[in-house]
Amino acid sequence: MTGVARRTVASPQLETERTTLRIGREDDAPALVAYIERNRSHHQRWEPRAHSSYRTVETQRRVLVRRAYDFEQGTAACFLLFERGADGGTIIGRANFTELVRGPFQACFLGYSIDGAFEGKGYMSEALRAAIAWTFEELRLHRIMANYRPENERSGRLLERLGFVREGFAKDYLFIDGAWADHVLTALTNPHPERVALP
Ligand SMILES: CC(C)(COP(=O)(O)OP(=O)(O)OC[C@H]1O[C@@H](n2cnc3c(N)ncnc32)[C@H](O)[C@@H]1OP(=O)(O)O)[C@@H](O)C(=O)NCCC(=O)NCCS
């Protein structure tokens with residue numbers, strides 16, 4: 001984080017009508033591997049290809065430790081989603097606010113996925129509404145950017161539902177599922193600009 005004195009932000013536990021969200025912990029690794037395995041074919045088309053070692057408890061433990069460190073450093077907030085009241089049980093989704101930049105930008109990227117069994121039921125938009133409100137309020141960002149492949153109509157509808165605005169189109173933007181893929185670029189700005197952190 002650059003350009004602003006960092007203040008300590010407490011690790012959030014967010015409750016919505018049907019979901020609980022919190023920052024992942026090292027001991028979530030087995031449940032996270034189970035989530036990744038369960039959704040492997042369902043998510044494959046929309047995610048970077050990973051080596052089989054990625055789907056091991058050891059690797060995911062390292063990923064979670066790194067993400068917890070990133071949260072402490074103020075450079076990311078990576079949430080795990082649970083059904084409400086089932087915190088620590090089965091993971092049903094992820095919402096990652098990453099590459100947080102301060103200075104005159106005050107922005108981050110958002111990535112997300114939901115378990116196939118919970119898709120098409122409004123869980124992700126419900127959870128993201130809470131996570132986005134927290135991010136704007138507590139991290140005091142100005143802009144959240146989220147980009148999707150044009151074929152990913154569900155993702156496009158989700159972002160539109162949340163108020164993200166289409167800003168452009170990037171050819172060969174990310175290496176996804178084994179090839180460079182075009183993406184639609186969207187962003188959401190803080191509805192309370194007076195609360196945004198200043199450089
Ligand atoms: C992208 C993704 C998160 C969208 O999930 P989703 O479940 O469609 O999103 P929402 O939570 O907004 O659910 C909305 C859908 O639930 C339906 N729904 C059913 N019951 C509902 C309820 N009680 N409340 C709200 N919506 C409800 C809505 O009608 C809507 O369906 P529609 O889009 O067909 O009209 C999901 O498809 C996914 O994980 N995909 C794979 C990974 C991925 O693509 N990640 C993003 C890469 S850019």
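Pick from Thr90, Thr8, Thr16: which is more than 18 Å from the chain's Cα centre (by Cα) and of a type in the set (Val, Ile, Thr)? Steps first, please.
Numbers: Thr90 fails: more than 18 Å from the chain's Cα centre (by Cα); Thr16 fails: more than 18 Å from the chain's Cα centre (by Cα).
Selected residue: Thr8, the only one of Thr90, Thr8, Thr16 that is more than 18 Å from the chain's Cα centre (by Cα) and of a type in the set (Val, Ile, Thr).
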Can you name the condition, by its number, that Glu15 falls short on among (1) without any contact (Cβ under 8 Å) to a residue 12 or more places away in the chain; (2) open to solvent by 80 Å² or more (accessible area, probe 1.4 Å); (3) not small (Gly, Ala, Ser)?
(1)
Any residue at all in segment 164-174 that is in contact (Cβ under 8 Å) with a residue 60 or more places away in the chain and within 27 Å of Ala68 (Cα to Cα)?
yes
Only one residue in Arg94, Arg102 is surrounded by 14 or more Cβ atoms within 10 Å (Cβ to Cβ), within 14 Å of the ligand (Cβ to nearest atom) and under 30 Å from Ala197 (Cα atoms), so which one is that?
Arg94
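Restricting attention to segment 127-134, does a residue exist that is away from the ligand (no atom under 15 Å from the Cβ) and more than 17 Å from Arg157 (Cα to Cα)? Step through it out loud before you land on a result.
In the first step, residues of segment 127-134 are kept if they are away from the ligand (no atom under 15 Å from the Cβ); the result is 133-134.
The next check asks that each one be more than 17 Å from Arg157 (Cα to Cα); those that pass are 133-134.
So far as segment 127-134 goes, yes, one or more of its residues are away from the ligand (no atom under 15 Å from the Cβ) and more than 17 Å from Arg157 (Cα to Cα).
For Asp70, state whether it is surrounded by 14 or more Cβ atoms within 10 Å (Cβ to Cβ), under 15 Å from the mean Cα position of the chain (by Cα), of a type in the set (D, E, K, R) and more than 26 Å from Ala179 (Cα to Cα). Spell out the reasoning first.
On the way: surrounded by 14 or more Cβ atoms within 10 Å (Cβ to Cβ): yes; under 15 Å from the mean Cα position of the chain (by Cα): yes; of a type in the set (D, E, K, R): yes; more than 26 Å from Ala179 (Cα to Cα): yes.
Criteria met by Asp70.
Of the residues Asp115, Asp87, only one is away from the ligand (no atom under 16 Å from the Cβ), under 24 Å from Ala29 (Cα atoms) and in contact (Cβ under 8 Å) with a residue 24 or more places away in the chain; which?
Values: Asp115 fails: away from the ligand (no atom under 16 Å from the Cβ).
Checking each option against the conditions leaves just Asp87.
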Looking only at segment 149-168, which residues are more than 14 Å from the ligand (Cβ to nearest atom) and open to solvent by 40 Å² or more (accessible area, probe 1.4 Å)?
Val165, Glu167
Tell me which of these Glu137 doesn't satisfy, since it passes every other one: (1) in contact with a His (Cβ under 9 Å, 6 or more places away or on another chain); (2) within 15 Å of the ligand (Cβ to nearest atom); (3) acidic (Asp, Glu).
(2)
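The values are calculated or read from the model by the stated rules, or taken from the named source; none is laboratory data. Computed from a predicted model, the values in this text were never measured in an experiment. So basically every Cβ, Gly included, is an ideal-geometry build from the backbone, and we count neighbours across all protein chains shown. Accessible surface areas use protein heavy atoms only, side chains included; no ligands, DNA or RNA. Shrake-Rupley method; radii C 1.70, N 1.55, O 1.52, S 1.80 Å.
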